[in-house]
Amino acid sequence: MENETIYILAIESSCDDTSAAVLCNKKKLSNVVATQQIHEEYGGVVPELASRAHQQNIVPVVHQALSKANIDKKQLSAIAFTRGPGLMGSLLVGTSFAKSLAMGLSIPLIEVNHMQAHILAHFIEEESMTKPGFPFLALTISGGHTQIVLVKDYFDMEILGETLDDAVGEAFDKSAKILGLPYPGGPLVDKHAQLGNPKAFPFTKPKVDGLNFSFSGLKTGILYFVQRETKKNPEFISENLNDICASIQHSIIQILMDKLKKAVKQTGVKQIAIAGGVSANSGIRKALKESEELYGWTTYIPKFEYCTDNAAMIGIVGYLKFKEAHFSEQNISAKARYTIGS
């Protein structure tokens, strides 16, 4: 079984990106992502429009993934797909397609938890990526999730702390909206932050017990601060945009790092991996790298390609589950709320 060549076709459709990938064992042969532009004019993802776009994109995206991998569908060993968590309409498109294709080809179907996949993306075989050993702590940060997870093995994960309200990606995007930046605003905050002074405007950090997070108070604080300052000076945002963004980013990073330090103290685990869309943020990557020298941690930062939603991360989980013969029945359904370990 060790030397067997396993080809996994993976499908990811949890939010507004339609993605398909082909993996040969742990190696990625293709990873195609179709991003939906339509949501930009609405300032956020519209679920109904997202599911319609998935229906249009899924066949060409899968076709492209197979072509780029130079693989015929008859060579596939299994189909892996995102079961959840995510937007129900979006998940249904990927789930239905994966079930039909697996049935048509008479090959196994493998359901994957989207958040678990973000963490296990670290195990895709890439020359530029070193893999963490077990146990390690994963900080999963995205538009919908903020969690600290103790990873004991591929499929033995325990959530130590999570957000009680907004996710960190939401905090970035909503702060950007307050500043009049277009959607998705998180990357733009990061871009402006690199040119500003992170200590220009102090924002109060929320007091939350244990390893849980809260970002709603910070978001409200930013809103009131901007309203107050623009009353005094209508040009306040345009004159101070870089400094405001740098200060917001600095505050969010401090919140994340404080909780990580607490988690390391609590568990004694000094291997830290980041995962999820917000792990593409340059400030977070820098803070994590600096922590190696400051606190003696070993940190693992994924390639940008594996930070945002993509099917290669679904494929690696599919491969690991295939090795264990963890297959799904054809009557499986999508699950909008799906926690790690459930």
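The values are calculated or read from the model by the stated rules, or taken from the named source; none is laboratory data. Since this is a predicted model, take the numbers as computed values, not measurements. Note: ideal-geometry Cβ built from the backbone for every residue, glycine included; neighbour counts use all protein chains shown. Protein only, heavy atoms only, side chains kept; ligands, DNA and RNA dropped before computing areas. Shrake-Rupley method; radii C 1.70, N 1.55, O 1.52, S 1.80 Å.
Values for this structure:
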{"read-out": "Unmet criterion (only one of (1) β-branched (Val, Ile, Thr); (2) touching a strand residue (DSSP E or B) at 6+ places or on another chain (Cβ under 6 Å); (3) over 18 Å from residue 19 (Cβ atoms); (4) crowded, with 24+ Cβ neighbours inside 10 Å) for residue 112", "value": "(3)"}
{"read-out": "Test: residue in segment 191-208 that is out of contact with any helix residue (DSSP H, G or I) (no Cβ under 6 Å at 6 or more places or on another chain), more than 22 Å from residue 243 (Cβ to Cβ) and surrounded by fewer than 20 Cβ atoms within 10 Å (Cβ to Cβ)", "value": "yes"}
{"read-out": "Single residue of segment 44-71 satisfying the filter (open to solvent by less than 30 Å² (accessible area, probe 1.4 Å) and not aliphatic (A, V, I, L, M)) that is modelled with the lowest pLDDT", "value": "54"}
{"read-out": "Some residue of segment 223-230 being polar (S, T, N, Q) and more than 27 Å from residue 299 (Cβ to Cβ)", "value": "yes"}
{"read-out": "Filter pass, residue 2 being in a helix (DSSP H, G or I) and modelled with pLDDT under 65", "value": "no"}
{"read-out": "Inter-residue pairs, beta-carbon under 8 Å, first without any contact (Cβ under 8 Å) to a residue 24 or more places away in the chain and on the phi < 0 side of the Ramachandran plot and in segment 61-87, second open to solvent by 10 Å² or more (accessible area, probe 1.4 Å) and in a helix (DSSP H, G or I), 6+ apart", "value": "72/66"}
{"read-out": "Qualifying positions in segment 281-318 - among the basic types (Lys, Arg) and in contact (Cβ under 8 Å) with a residue 60 or more places away in the chain", "value": "303"}
{"read-out": "Close pairs (9 angstrom Cβ cut-off, 6 or more residues apart or separate chains): free of Cβ contacts under 8 Å to residues at least 60 places away in the same chain in segment 127-141, part of a loop (DSSP other than H, G, I, E, B) and surrounded by 12 or more Cβ atoms within 10 Å (Cβ to Cβ) anywhere", "value": "134/154"}
{"read-out": "Residue in segment 79-90 that is of a type in the set (S, T, N, Q) and surrounded by fewer than 24 Cβ atoms within 10 Å (Cβ to Cβ) present", "value": "no"}
{"read-out": "Residue within segment 313-330 that is part of a helix (DSSP H, G or I), farther than 30 Å from residue 5 by Cβ and hydrophobic (A, V, I, L, M, F, W, C) present", "value": "no"}
{"read-out": "Residue satisfying all of: in segment 256-280; free of Cβ contacts under 8 Å to residues at least 60 places away in the same chain and assigned to a helix (DSSP H, G or I); surrounded by the most Cβ atoms within 10 Å (Cβ to Cβ) among these", "value": "257"}
{"read-out": "Qualifying residue in segment 284-298 (condition: over 16 Å from residue 258 (Cα atoms), under 15 Å from the mean Cα position of the chain (by Cα) and not in a strand (DSSP E or B))", "value": "no"}
{"read-out": "Residue within segment 232-243 that is on the phi < 0 side of the Ramachandran plot, open to solvent by 50 Å² or more (accessible area, probe 1.4 Å) and touching a Lys or Arg at 6+ places or on another chain (Cβ under 8 Å) present", "value": "no"}
{"read-out": "Residue count for segment 303-318, restricted to those that are open to solvent by 20 Å² or more (accessible area, probe 1.4 Å) and of a type outside the set (A, V, I, L, M, F, W, C)", "value": "4"}
